[in-house]
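Data first, discussion second: the structure below is written as structure tokens.
Any read-out appearing in this document is the output of simple, stated calculations on the displayed coordinates, not a laboratory observation. Being a predicted model, the structure only gives us computed values, none of them experimental. Cβ sites come from the backbone with ideal geometry, for glycine too, and all protein chains shown count toward neighbours.
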Amino acid sequence: MKRFTAATANPAEIVEELLNGGGAVGISGLFTAQEIAEARAIVMAHSEHSAEKATHFQGAAEGAGNLNLQRRVWNLLAKGEVFSHMATHPVLMNVLRSFLGTEFIMGSIAANRILPGGPGQEPHVDYPYWDFHKPETHPVGFNGSFPMNAQVSVLLDPFTKESGATGYVPGSQRELRYPAPEDGFYNRCERMTGEPGDVALFYGVTWHCAMPNKADHDRSAILIQYLPKWVKPMEDMPAALPQPFLDNASPELRQLLGMNYPYPEVLDAAKAGNTEGRK
Ligand SMILES: O=C(O)CCC(=O)C(=O)O
Ligand SMILES: [Fe+2]
């Protein structure tokens, strides 16, 4: 994984790496130890007892009865201001504008906590391609030549091989396909390792998954999903946030929440006149 810092995070170089290189990069130095400690404390408090939230790519764990060793905390914007700062970090916004178009949105901001002994996930691709195990439900000719997803993981704990740092197959993003058992994911995968506060940024078409946590400590990350403006977001964040939060949202946050993009709209009831076109 190519690694950058806040100072060296060149958008053109990162976009090239995401589309045509390994599919994932590391960026360090974006968050303070205090921000990470605060985020981690909130995630731990909200996942102390709550094993029974929706989760994904955990079919095997569900079958084995150890689903409680991976815990999700959803709708993080409502749970601490620190998460709004993470989602709108200027270095990330700058890179993502080049990758997803300047008016990109956020589809989800959630935590993924894997406790010691947690089994990890099925190798997969992310939303909105994440049901590409049923390719016939997507348009003919669909491919990953332009991105409809970018994923940011903000690491809250040491991500090591032992603790289950996200595994991924470099280059797998160049052909949109859901990984099959014959693809030998576990023999080919590399890891998005890092220290608390580091960021892994990847194109969600890259085959990846959380790996088993064999360490003696938790392994948590904030997972942020970014999408072009016209992709239906995964979490209905405006519906889950209090009205004062929406009223006071910064311009960046308004954009991320899709508040600047009007569709779908009841056009029959919209103001009369021409609303689109060069002129
Ligand atoms: O937590 C991780 O390492 C990755 C999680 C992931 O890929 C997902 O939930 O889609
Ligand atoms: Fe994923």
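Worth a mention:
- Reference-scaled alpha-carbon Rg (2.2 N^0.38 Å with N residues) for segment 124-243: 1.14
- Here the ratio of the Cα radius of gyration of segment 116-163 to 2.2 N^0.38 Å is 1.56.
- Segment 40-94 - convex hull of the alpha-carbon atoms, volume per residue in Å³: 101
- Inter-centroid distance (Cα atoms) of segment 207-251 relative to segment 34-49, Å: 15
- Enclosed volume per residue, in Å³, of the convex hull spanned by Cα atoms of segment 194-279: 199
- Estimated dipole of the chain in Debye, rounded to 20 [Cβ of Lys and Arg +1, of Asp and Glu -1, Cα centre]: 300
- Convex hull volume of segment 1-138 per residue (C-alpha atoms, cubic angstrom): 149
- Mean residue ellipticity (222 nm) of the chain, computed from DSSP H runs ≥ 4 via -39,500 (n - 2.57), nearest 500: -6000 deg cm²/dmol
- Surrounding net charge for Arg188, when Lys and Arg each add one and Asp and Glu each subtract one, Cβ distance under 15 Å: 0
- Ranking of Glu13, Glu103 by neighbouring Cβ atoms within 10 Å, starting from the fewest: Glu103, Glu13.
- Positive end of the dipole of segment 111-183 (Cβ unit charges, origin at the Cα centre): among Gly164, Ala111, Pro139, the Cα lying farthest that way belongs to Ala111.
- Positive-end ranking of Met237, Gly277, Phe57 along the dipole of the chain, with charges on Cβ about the Cα centre, is headed by Gly277.
- A DSSP coil position with no more than 15 other Cβ atoms inside 10 Å describes the following GluC sites (Glu not before Pro) in segment 184-279: Glu265, Glu276.
- Annotation for segment 1-81: trypsin sites (Lys or Arg not before Pro) lying in DSSP loop with at most 16 further Cβ atoms inside 10 Å of their Cβ are Lys53.
- Ranked Tyr186, Tyr178, criterion: other C-beta atoms within 10 Å, fewest first: Tyr186, Tyr178
- Going from the residue with the fewest nearby Cβ atoms within 10 Å to the one with the most, Ser220, Ser84, Ser250 rank Ser250, Ser84, Ser220.
- Only Cα pairs under 8 Å and 6+ residues apart enter the sum, and on that basis the relative contact order of the chain stands at 26 percent.
- Other residues with beta-carbon under 11 Å from the beta-carbon of Phe83 carry, at +1 per Lys or Arg and -1 per Asp or Glu, a net charge of -2.
- An ellipsoid equivalent to the chain, defined through the eigenvalues of its Cα gyration tensor, has semi-axes of 29, 23, 20 Å when rounded to whole angstrom and sorted largest first.
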